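Asker: One structure coming up, written as structure tokens, with questions to follow.
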Amino acid sequence: MAYMGNKSIDYGKPFFAAFDKQTGRAIFISILNAQDDPILNFHVKNEEILFVCKNNIKKYSMNTGIEIFNKEFPNDIFGELKYFIGDNVLIRTNNDEFLNIHQSDTTKTFVFTNQGQTLALDENLNVTRTLEYEDLNIFYDQTEDFKCIVKDNNMLILNNKWERIAEIEATSTPFIIDNKLYDIKDKNFTIIDLSKISELNKNARRN
């Protein structure tokens, strides 16, 4: 069973398969046992594919289609698994710099739970550490001169050297055009010239 909005719909047996792109011949077809526990997300890493369900993660070889691991994550300990963390999630280092979460440890895979936690998993799907929601930052947008990171109701503006320029209050859906930040909240429409903020920041450092 799968879900479309709040409705459940029936579907055939889920699978993943590989085909020869020249002949169309099936190299393998692997049936996924997910009728009662729908697949929520998948992640490809090092010629392996991982599927996440509410309380377990399955790992398969991309070359053979053979299941490598199928590990349970008890609900009373981890809550429900939701999805794998993407490249737009950053963590802040001890030097107050921002780093892509995958670059922080390339040997790990990261999965988010409904408890607001991110589990760092090793190649055997063992949890090696847990990151809290407060540890994560979302890389939202960038221009030629600026990078924007969203955290709750705030947006952090960085230059191309990843140096902090300003932190401003913003919604979760602002947008940037020609170095200007546009945001709508309630009946207010805000425009912020990021280039002027950068110039003010430079002058403040000189003084």
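Asker: If a residue must be of a type in the set (A, V, I, L, M, F, W, C) and in contact with a Pro (Cβ under 8 Å, 6 or more places away or on another chain), how many such residues does segment 44-85 contain?
Answerer: The number of residues fulfilling the criteria is 1.
Asker: Within the group Thr130, Thr118, Thr107, which residue is free of Cβ contacts under 8 Å to residues at least 60 places away in the same chain and exposed (fewer than 13 other Cβ atoms within 10 Å of the Cβ)?
Answerer: Unique residue meeting the criteria: Thr107.
Asker: While we're on this one: Please find, within segment 162-199, the residue that is nearest to Leu99 (Cα to Cα) out of those that are among the polar types (S, T, N, Q) and touching a Leu at 6+ places or on another chain (Cβ under 9 Å).
Answerer: Per the criteria, the residue is Asn179.
Asker: Now, a different point. Does Asn75 satisfy being surrounded by fewer than 16 Cβ atoms within 10 Å (Cβ to Cβ), farther than 18 Å from Gln117 by Cα and out of contact with any Gly (no Cβ under 6 Å at 6 or more places or on another chain)?
Answerer: It is false that Asn75 is surrounded by fewer than 16 Cβ atoms within 10 Å (Cβ to Cβ), farther than 18 Å from Gln117 by Cα and out of contact with any Gly (no Cβ under 6 Å at 6 or more places or on another chain).
Asker: Being of a type in the set (A, V, I, L, M), buried (at least 18 other Cβ atoms within 10 Å of the Cβ) and closer than 30 Å to Asp186 by Cβ is the requirement here; does Leu136 meet it?
Answerer: Judged against the criteria, Leu136 is a match.
Asker: What is the number of the single condition among (1) touching a residue at least 60 places away in the same chain (Cβ under 8 Å); (2) surrounded by 18 or more Cβ atoms within 10 Å (Cβ to Cβ); (3) over 16 Å from Arg129 (Cα atoms) that Val89 does not meet?
Answerer: That leaves (1) as the condition not met.
Asker: So which residues in segment 145-163 are of a type in the set (D, E, K, R) and touching a residue at least 12 places away in the same chain (Cβ under 8 Å)?
Answerer: Asp145, Lys147, Lys151
Asker: Hey, another quick one. Output the residues belonging to segment 35-90 that are in a strand (DSSP E or B) and either of a type in the set (S, T, N, Q) or not assigned by TED's automatic domain parsing to the domain that holds Ala120 (or both).
Answerer: Asn41, Asn56, Ser61, Asn70
Asker: Among the residues of segment 86-93, is any more than 13 Å from the chain's Cα centre (by Cα) and over 30 Å from Phe15 (Cα atoms)?
Answerer: Step one: filter segment 86-93 for residues more than 13 Å from the chain's Cα centre (by Cα), giving 92-93.
Now restrict to residues that are over 30 Å from Phe15 (Cα atoms): 92-93.
Within segment 86-93 (the criterion being more than 13 Å from the chain's Cα centre (by Cα) and over 30 Å from Phe15 (Cα atoms)), the answer is yes, since at least one residue qualifies.
The values are calculated or read from the model by the stated rules, or taken from the named source; none is laboratory data. Values in this document were obtained by computation on a predicted structure and should not be read as measured data. We place every Cβ from the backbone using ideal geometry, glycine too, and count neighbours over all the protein chains shown.
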